[in-house]
Structures are given as structure tokens and as C-alpha cells.
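Read through the structure below, which is laid out as C-alpha cells, and then see the notes.
What follows is calculated from the coordinates using simple rules that are stated; it is not laboratory data. Since the model is a prediction, treat every value here as computed from it, not as a measurement. Cβ atoms come from the backbone with ideal geometry, glycine included; neighbour counts cover every protein chain shown.
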Amino acid sequence: MSEKHVMRGVVAGIAGGLVASWVMNQFITGPGMKLQQATQTPFENVEQKEHKDDPDSTMKVADAVASVATGGQHLTLQQQKSAGPLVHYAFGALMGGLYGGAAELMPSVKNGFGTTFGSALFAGADLVAVPALDLAPPATEEPLPAIGNHYAAHLVYGATTELVRRIVRAML
């Protein structure tokens with residue numbers, strides 16, 4: 001790939017972001033969760049189980065979007081559980097598309113095989129935007145293993161986005 005083409009980069013990034021969002025979910029609920037539970041205190045594990053059915057940030061965003069779109073009608077908890085993943089995949093695709101376009105213009109964006117991108121996304125979204133929008137508590141109120149799980153998941157997201165972006169971009 002010697003020729004820069006931003007739209008091809010965006011398309012490749014969207015594909016990468018979608019696949020990476022799925023891989024990220026698998027990591028969070030699989031090895032990431034096992035590691036988190038192994039490193040948390042017994043109290044933190046009990047508290048985590050007590051709050052496992054609480055709406056997460058994606059469910060809250062889905063509810064807010066539905067409320068605006070319907071003039072104030074909120075989603076049920078079951079509807080939020082169904083719509084939350086759509087928000088996650090849409091955000092993952094959007095961020096992947098931005099990354100793919102940026103990778104065409106500034107090759108240094110790809111440094112760290114996408115892990116720098118994943119780290120920046122974690123910092124900007126999880127540590128700043130999500131708490132600022134009152135979608136989740138600030139990191140200072142979360143157990144360190146939970147923060148570590150989400151950070152590791154963003155590293156996985158970034159690396160997967162880069163891997164898929166490279167494959168798709170080579171085909172375009």
C-alpha cells in the first residue's frame with residue numbers, strides 16, 4: 001500500500017472496528033473477567049456479582065437515544081440489554097473508521113500495532129467521556145482489577161482493529 005486513500009482507510013478501519021468490538025467483548029467476558037476476579041478482593045467479587053445486571057454505559061446511551069427519538073419514552077431493561085451491543089458496535093465501527101482514515105494520512109498513528117490507539121481510546125472514552133457524561137462512575141471509584149480489565153480490552157480492541165484494517169486495506 002504505497003498510495004494514500006482516506007476513504008479506503010475509513011472502510012478498512014470500520015471493518016476492523018466491528019471485528020475488534022466483538023473480540024473485545026469476548027476478551028472482557030472471558031479471560032479478562034477471569035483475571036479480574038482472580039485479582040479482586042472477595043468483597044469486590046461479591047459487589048461485582050450484585051451489580052452484574054445494572055445498566056452499563058452502552059445501555060444508558062441506547063436508552064437516552066430512544067428517549068430523544070420517541071419524545072421521552074424510555075427502554076425497558078430488556079430492551080436496553082438488546083440495544084446496548086448496537087451502541088457498542090456502532091461506537092467501535094466509528095472509532096475504527098476514524099483510525100483507518102487517520103492511518104492513511106499519518107502512518108505514526110499505527111505505532112504499537114494499534115495498542116497506542118486502544119490506549120488513547122480507553123483514556124478518552126472510559127476515563128474521561130463516560131464519567132463526564134454520567135454513564136459510569138469515575139475510575140477512582142472502580143476496583144483496580146476492573147480498570148485493568150477494561151484497559152486490557154482496549155489494547156485487544158486496538159490491536160485487532162489494526163490487524164483487520166491491514167488485511168482489508170490490502171484487499172482494497
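Quick notes on this one:
- Taking the Cα centre of the chain as origin and assigning +1 to Lys and Arg Cβ atoms and -1 to Asp and Glu Cβ atoms, the resulting dipole is close to 800 debye.
- About the Cα centre, charge dipole magnitude for region 79-169 (Lys/Arg +1, Asp/Glu -1 at Cβ), debye: 420
- Prolate/oblate/rounded label for region 52-149 (Cα gyration tensor, a/c 1.5): oblate
- Matching label, Cα Rg over 2.2 N^0.38 Å computed from the structure shown, candidates (1) 1.10; (2) 1.17; (3) 0.99: (1)
- Each of residue 144 and residue 35 was given a label point 7 Å from its Cα along the Cα-to-Cβ line. The distance between the two points is 1.5 nm.
- Farthest positive-ward along the chain dipole, Cα basis, beta-carbon charges - from 13, 158, 41: 13
- Reducing region 18-76 and region 130-168 to their Cα centroids gives an inter-centroid distance of 12 Å.
- Exposed loop sites are taken as trypsin sites (Lys or Arg not before Pro) in a DSSP loop (any state but H, G, I, E or B) with at most 16 other beta carbon atoms within 10 Å; the longest stretch of the chain without one runs 53-172.
- Looking at region 54-129, none of the chymotrypsin sites (Phe, Trp or Tyr not before Pro) sits in a DSSP loop with at most 12 other Cβ atoms within 10 Å of its own Cβ.
- If you take all other residues with their beta carbon under 14 Å from the beta carbon of residue 166, and give Lys and Arg +1 and Asp and Glu -1, the sum is +2.
- DSSP-loop GluC sites (Glu not before Pro) across region 1-58, with at most 10 other Cβ within 10 angstrom: 3
- Tally of Lys pairs whose C-alpha atoms are under 15 Å apart, taken over the chain, 8 or more apart or cross-chain: 6
- Folded to 0 to 90 degrees: helix 144-171 orientation relative to the chain principal axis, Cα: 30
- Close amide H pairs (under 5 Å, H built 1.01 Å from N) link residue 136 with no residue at least 5 positions away or on another chain.
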